[in-house]
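Some notes on the structure that comes next.
Values quoted throughout were computed directly from the atomic coordinates according to the rules given, and no laboratory measurement underlies them. These numbers come from a predicted model, not from an experiment. In this analysis, Cβ positions are derived from the backbone assuming ideal geometry, glycine residues included, and neighbour counts consider all displayed protein chains.
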Amino acid sequence: MTLSLGEVVIVSSPQALQEILTKDNNEYEAPGSKLLQPLFGEYSMFSLEGDRHRRERKLLMPPFHGDRMRNYGELICNITKEAASNLKVSNTFIARKLMQEITMQVILQAVFGLYDSPRLSEIRSMLADFLELTASPLRASLLFFPALQKDLGPWSPWGKYQRQQEKLNELLYTEIATRRSQIYPDRTDILTLMLLARDEEGQGMTDQEIRDELMTMLFAGYETSATTLAWAVYWIYKQPEVYQKLMQELETIEIDTADPMTIFHLPYLTAVCQETLRLYPAGMFTFPRRTKQPVELQGYHLEAGTMIQGSIYLTHHREDLYPEPKKFKPERFLERQYSPYEYLPFGGGSRRCLGMALANFEMRLVLATLLSNFEMELAENRPVKPQRRGITLGPAGGVKMLMKGERKQVEKKSPSVAVV
Ligand code: HEM
């Protein structure tokens, strides 16, 4: 690659990955991304590096910790049920769109504590439009070629970008100001936490710092989770044996009253989510790492300053680790344990995905809620191919599905189609 990153060495062997991800600080460092700066700002987690980056992660990590997820369980299930109930029975829908609606609500409500208000609706629709701009390869190329970042009026690609960003900023800054004027310290959302945070000198985060992190989390957690969920429903409905096994497992619990943690620990559901993230990981690469000094990496000599990225996709498709790598086989995760360098859908080391616990929790609860409550099927039989959507690898066309109705009603009407 010789874009704005310069030349990049790509690695996919578990040994090389272990080396670049665990020798952070010493031989390798994890530089901040200049590429994403125009979108998320200089104070975004993506842009920060070194001590600033470490401090920011320490600050933002607690709300993403596994234990906190329990609080979000009921909310995730309710959001899912509501979004799916709004779909018209006997009509087709695009799975990715449904999932985008769900994951956007989850982030806005559970993580940022933005509850229903006219401003929330406005932020939601502006954000969806703005993030859509990063979704096509053509538009995402604006990021890779800084020379294209010229504001030539509202109709030029970068001009459009800039105007949308200005409008969105206005909304976000108003929300930040409103929340600053009345802080509820017992609230557990990340926005409250950022408003309360103080450094050693007692300084709080500025509005711009908070805006940059809000945008970062929204971007990082919305498209990735939605894309993965769309892939998951595709594979579940594409392979009847997977659907059957999953339904058998889900029928062992009472979905409306089950503890979210019980759902989270269901073994087959877990394996389905793991295999979905293996086959087409939404993040295909780790963020770049850079050598701090000349190093020998797996027999190759690399000069100081060399950029290296882990290819998560290639690692997950290694025949030696995953026989028949193109096949969707959740069983492989029940039969074998993989090391964090053989299976790494959330990257690793000092930049490992901050939202990993939330994403894992959300995926399982959304799928369990959908499958237990609604009867659906694929609307088309042809295979769906992976297609780049900006920086993620999504299903082409977003997976067209048919909503048959709420499970109980469908079962009452026609018992023969209860469980396929
Ligand atoms: C299925 C869903 C997701 C996938 C596959 C995913 C994947 C990734 C990957 C591969 C990285 C790069 C790690 C590295 O360089 O080692 C990353 C970083 C990150 N992710 Fe996620 N992610 C997901 C969901 C989320 C969610 C829900 C959030 C937050 C709400 C989030 C926040 C972040 C942040 C802030 C970073 C940057 C961390 C840093 O620079 O220190 N992600 N993610």
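Counting other Cβ atoms within 10 Å of each Cβ, which GluC sites (Glu not before Pro) in segment 309-360 have at most 11 and sit in a DSSP loop?
319
Express in whole angstrom the spacing between the alpha-carbon centres of segment 187-242 and segment 48-74.
What the calculation gives is 10 Å, centre to centre.
When averaged across all projection directions, what area in nm² does the alpha-carbon convex hull of segment 184-224 cover? All intermediate terms of the calculation are to be shown ahead of the outcome.
Numbers: hull surface 13.8 nm².
Seen from a random direction, the Cα hull of segment 184-224 projects 3.4 nm² on average.
Sorted from largest down, what three extents in whole angstroms do the Cα atoms of segment 53-94 have along their principal axes?
Taking max minus min along each principal axis of the Cα atoms, segment 53-94 gives 50, 21, 11 Å.
Starting from the Kirkwood radius over alpha-carbon pairs of segment 1-93, derive D by Stokes-Einstein at 4 °C in a medium of 1.567 mPa s and give it in µm² s⁻¹. Could the numbers behind the result be given before it?
Working: Rh = 17.6 Å.
In µm²/s, the coefficient rounds to 74.
Dividing the alpha-carbon radius of gyration of the chain by 2.2 N^0.38 Å (N being the number of residues), what value is obtained?
Taking the Cα Rg and dividing by 2.2 N^0.38 Å, one obtains 1.00.
Quick one: the Cα spread of segment 251-387 along its three principal axes, in angstroms, biggest first?
Result for segment 251-387: principal-axis Cα extents of 57, 35, 28 Å.
Among the trypsin sites (Lys or Arg not before Pro) in segment 254-333, which ones are in a DSSP loop with at most 16 other Cβ atoms within 10 Å of the Cβ? Mind listing them?
Of the trypsin sites (Lys or Arg not before Pro), the ones in loops of segment 254-333 whose Cβ has at most 16 other Cβ atoms within 10 Å are 292, 318, 326, 327.
Going from the alpha-carbon gyration tensor of segment 325-376, what semi-axes, largest first and in whole Å, does one get by taking the root of 5 times each eigenvalue?
25, 18, 9
Search the structure for amide H atoms under 5 Å from the amide H of residue 11, placed 1.01 Å from N in the peptide plane, and list their residues when 5 or more places away or on another chain.
309, 310, 311
Name the shape class, rounded, prolate or oblate, that the alpha-carbon gyration tensor gives for segment 259-314, where a ≥ b ≥ c are the square roots of its eigenvalues, rounded holds for a/c under 1.5, and otherwise prolate holds if a/b is larger than b/c and oblate otherwise.
Since a/c reaches 1.5 and a/b is larger than b/c, the shape of segment 259-314 is classed as prolate.
If a paramagnetic tag sat 7 Å from the Cα of residue 71 along the Cα-Cβ line, which residues of segment 237-278 would have the backbone N under 12 Å from that point?
Label zone hits: none.
Treating segment 37-131 as a set of equal point scatterers at the Cα positions, no solvent, please give the Debye-formula log₁₀ I(q)/I(0) at q = 0.16, 0.20 Å⁻¹.
-0.88, -1.16
Once both labels are modelled 7 Å past Cα along the beta-carbon direction, what's the residue 335-residue 85 spacing in nm?
The answer from the label model is 4.2 nm.
Looking at segment 149-224, which GluC sites (Glu not before Pro) are in a loop (DSSP not H, G, I, E or B) and have at most 16 other Cβ atoms within 10 Å?
Details: sites: 166, 170, 175, 200, 201, 209, 213, 223; in loops: 200, 201.
Sites meeting the loop and neighbour criteria: 200, 201.
Students often get this wrong, so check it: of 238/404; 245/326; 81/326, which have C-alpha atoms separated by over 25 Å?
81/326
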